[in-house]
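First comes the structure, then the notes that go with it.
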Amino acid sequence: MAALLDVKNLGISFGGLRAVNAFNISVEKEELYGLIGPNGAGKTTVFNLLTGVYKPDSGKVLLDGEDITGKKTIDISKAGIARTFQNIRLFKQLSVLDNVKVGLHNKHHYSTIEGILRLPRYRSVEKEMDEKAMDLLKVFELEQVAQQLASNLPYGQQRKLEIARALATEPKLLLLDEPAAGMNPNETGELMDMIRFVREQFHMTVLLIEHDMKLVSGICEKLTVLNFGEVLSQGDTGTVLNDPQVITAYLGE
Amino acid sequence: MGMLKKMSKNTRSNLITYGIVIAAFLIMQTLITTGSISSLLEGLMVPLCIYVILAVSLNLVVGILGELSLGHAGFMCVGAFTSAFFSKCMRDVITSSLLRFFLALLIGIAVAAVFGLIIGIPVLRLKGDYLAIVTLAFGEIIKNLVNVLFIGRDSNGFHFSTKDVMDLNMEPDGTVLVNGPQGITGTPKDSTFLIGVILILITLFIVTNLINSRDGRAIMAIRDNRIAAESIGINVTKYKLMAFTISAALAGAAGVLYAHNLSTLTATTNNFGYNMSITILVFVVLGGIGNIRGSIIAAVILTLLPELLRGLSDYRMLIYAIVLIIMMLFNWAPKAIEWREKYFSFGKRKKEAVK
Ligand SMILES: Nc1ncnc2c1ncn2[C@@H]1O[C@H](COP(=O)(O)OP(=O)(O)OP(=O)(O)O)[C@@H](O)[C@H]1O
Ligand SMILES: [Mg+2]
């Protein structure tokens with residue numbers, strides 16, 4: 001069976017800096033896959049390349065067999081990649097519920113006129129969206145704060161809301177950029193359970209960047225280690241974490 | 001009361017806004033019919049409606065879409081001139097003033113919307129200050145173009161020129177319809193306070209319902225975080241254009257109301273130039289960016305105040321300035337916002353303790 005995400009020889013330069021070079025990765029359906037490496041290694045840049053924020057200057061990206069190399073962000077979203085951001089990017093002045101409902105935008109339709117005139121379809125589709133959004137919020141234990149402004153949530157809940165919003169687009173592949181950053185060990189534990197639950201419940205494939213080694217070794221089945229924009233090591237989590245090269249370059253101490 | 005509770009908070013808040021507008025209209029109408037207010041103040045009622053519509057429509061761009069546009073008077077100008085032109089041509093053809101006004105309104109709105117779309121496509125690629133400057137220039141260009149426009153009609157049909165009346169080359173039976181800097185004279189005075197208030201209500205209906213719909217959420221998502229909005233598949237260009245075009249169309253409606261409230265329509269800096277655009281922006285900023293009801297209140301207070309204070313001649317501008325400062329504080333100081341939300345939170349989201 002072909003991999004869900006198949007990336008070959010991906011690369012980009014910023015001025016003289018080769019931020020990502022000859023990057024390969026192959027993520028199978030329903031896999032929990034980790035992308036790790038030191039600060040500035042190019043991990044976030046890989047996500048930006050996969051989601052069309054940057055256009056690669058070399059390489060190929062296949063999602064479920066479809067070539068999405070160099071496509072626009074909006075088309076990649078429609079093709080089935082959703083992501084969260086290292087620096088949280090919520091719709092701050094919208095409610096928690098509305099943040100998720102924006103995520104549902106492309107899956108639930110009514111026209112502008114139907115919306116302004118509040119025709120029956122507006123009511124029924126909005127009700128559908130409310131229910132779907134609440135279901136997602138429940139997964140992340142956010143249903144109690146659904147009516148609050150997103151900016152009023154504590155950090156940990158904001159990270160969870162971002163995941164809920166990404167899932168609302170019904171992606172094939174979920175990219176999480178440091179989902180546990182800023183969380184205490186307790187919250188991180190909860191988050192690990194949630195990620196596992198999402199994989200099981202939604203048959204989701206997850207590629208995540210993380211510095212928290214407890215989370216990485218706890219939930220990732222496979223790892224790719226990035227160093228200076230290049231793949232340093234790749235394979236099963238246990239094998240990679242014992243790779244002497246990885247220990248020197250990243251795990252250290 | 002039970003029914004009010006069952007409605008969503010947004011719907012309730014909107015109904016309260018409609019209620020305020022209707023109540024204000026009834027009070028003023030009563031004062032007018034009983035002859036309790038000066039004719040000067042009475043004459044201010046239609047302009048008041050115009051300002052309210054403009055403020056609400058600009059708030060859609062500035063507050064909801066989060067882009068600064070300084071060309072709003074330009075769209076108003078387009079709506080005013082196209083509709084006045086239509087009404088003048090049709091003056092003797094369509095005798096029902098209501099029907100004629102209704103058709104003029106549709107035309108003014110449609111042409112302003114088309115301008116919004118055409119201007120929006122290139123201009124909305126720009127951000128912040130750049131957008132502000134380009135829209136400002138657009139407004140000025142429109143105003144200046146109208147000032148060199150001459151249109152006449154004779155037995156052979158319409159004649160156009162950008163030079164002068166002679167250049168129209170009309171037969172002796174021809175009449176000048178648009179006379180350059182002298183604009184359009186003899187537009188039927190079809191605007192009334194009642195029509196103005198109805199247009200306010202329609203504007204409110206469109207804007208508030210848009211905000212609480214799928215499209216409105218997409219527009220606000222772009223405002224709050226464009227990159228995140230793109231990442232979940234929101235078509236940024238489409239929704240920016242939608243907000244801008246609807247806003248332009250509504251400004252066009254205000255222009256139609258304006259044109260049919262005067263027998264002579266000319267384009268000057270004060271009515272269709274940057275002065276007007278800035279005045280509207282002041283209403284939006286003082287009323288609270290993104291706060292629709294605030295825009296209405298600011299427009300009403302700041303339009304009426306100079307007239308109400310006329311008796312106090314010397315202190316007039318002083319009091320006006322003080323009111324400006326108070327409104328600014330009321331809307332923007334954190335303490336004042338807290339206080340307001342506590343006592344005036346009509347249907348607004350209450351802040352709960354964050355667990
Ligand atoms: N738009 C850009 N322009 C110029 N340089 C960039 C740009 N984006 C990233 N870089 C550079 O590319 C390199 C990789 O950055 P990236 O954000 O991908 O690192 P990272 O692995 O995510 O690090 P961290 O763990 O700190 O998040 C860095 O040197 C960064 O400065
Ligand atoms: Mg990063």
Check your understanding: How much length is gained on full extension from B:Thr95 to B:Ser263, taking 0.36 nm per residue of separation minus their Cα-Cα distance?
Key -> 58.8 nm
Practice item. Note the angle between two axes, namely the Cα long axis of helix A:185-202 and the longest principal axis of the Cα atoms of chain A, as a number of degrees from 0 to 90, rounded to the nearest 10. Key: 70 degrees
Practice item. Would you list the membrane-span-like helices of chain B, meaning whole DSSP H runs whose alpha-carbon atoms span at least 30 Å along their axis and whose mean Kyte-Doolittle value is at least 1.6? Key: B:97-123
**Study point:** Length gained when the stretch B:Ser155-B:Arg226 is fully extended (0.36 nm per residue, less Cα-Cα span)
**Key:** 20.0 nm
Review point. In debye, nearest 20: dipole of the range A:100-252 around its Cα centre with unit charges on the Cβ of K, R (+) and D, E (-)?
Key: 600 debye
**Study point:** Distant-in-sequence amide H partners of A:Ser233 (H built 1.01 Å from N, under 5 Å)
**Key:** A:Val225
Practice item. Can you tell me the alpha carbon radius of gyration of the range B:112-188 divided by the globular rule-of-thumb value 2.2 N^0.38 Å? Key: 1.45
Review point. Taking R0 as 60 Å, what's the FRET efficiency between B:Leu31 and B:Asp164 from their Cβ-Cβ distance, rounded to 0.05?
Key: 0.80
Revision key, fill the gap. Between the modelled labels at A:Asp67 and B:Thr237 (7 Å from Cα along Cα→Cβ) the distance in nm is 2.3 nm
Practice item. Please sort by residue number the GluC sites (Glu not before Pro) in the range A:91-195 whose DSSP state is loop and whose Cβ has at most 16 other Cβ atoms within 10 Å. Key: A:Glu141
Point to revise | Two-site FRET efficiency, B:Ile202 against B:Tyr130, from Cβ-Cβ distance with R₀ of 30 Å, rounded to 0.05 | key: 0.35
Revision key, fill the gap. P(r) over all Cα-Cα pairs of the protein assembly as shown, 10 Å bins from 0 to the longest distance, whole percent per bin, short to long, reads 3, 15, 22, 20, 16, 12, 8, 4, 1, 0
Exercise for review: When a/c is below 1.5 the answer is rounded, else prolate if a/b is larger than b/c, else oblate, so apply that to the range A:62-181 with a ≥ b ≥ c taken from the square roots of the Cα gyration tensor eigenvalues.
Suggested key: oblate
Exercise for review: Work out from phi, with θ = phi - 60° and the Karplus expression 6.51 cos²θ - 1.76 cosθ + 1.60, the ³J(HN,Hα) of each residue of the range A:146-157, listed in order in whole Hz, and give x for Gly and Pro.
Suggested key: 3, 8, 6, 5, 4, 5, 7, 7, x, 3, x, 5
Check your understanding: Restricting the count to DSSP beta bridges whose residues both fall in chain A, what percent are antiparallel, rounded to a multiple of 5?
Key -> 55 percent
Check your understanding: When the Cα centres of the range A:151-209 and the range A:72-88 are compared, how far apart do they sit, in Å?
Key -> 14 Å
Check your understanding: At a Förster distance of 22 Å, what's the computed FRET efficiency of B:Val114 paired with B:Leu145, Cβ-Cβ distance as r, to 0.05?
Key -> 0.90
Exercise for review: Just tell me how shielded B:216-228 is by partners: mean number of partner chain Cβ atoms within 10 Å of each residue's Cβ, no decimals.
Suggested key: 6
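Taken together, the values in this text are just the output of simple stated rules run on the coordinates, not laboratory data. Keep in mind the model is a prediction, meaning the values are calculated, not measured. Don't worry about glycine lacking a Cβ; one is built from the backbone with ideal geometry, like all the others, and counts go over all protein chains shown.
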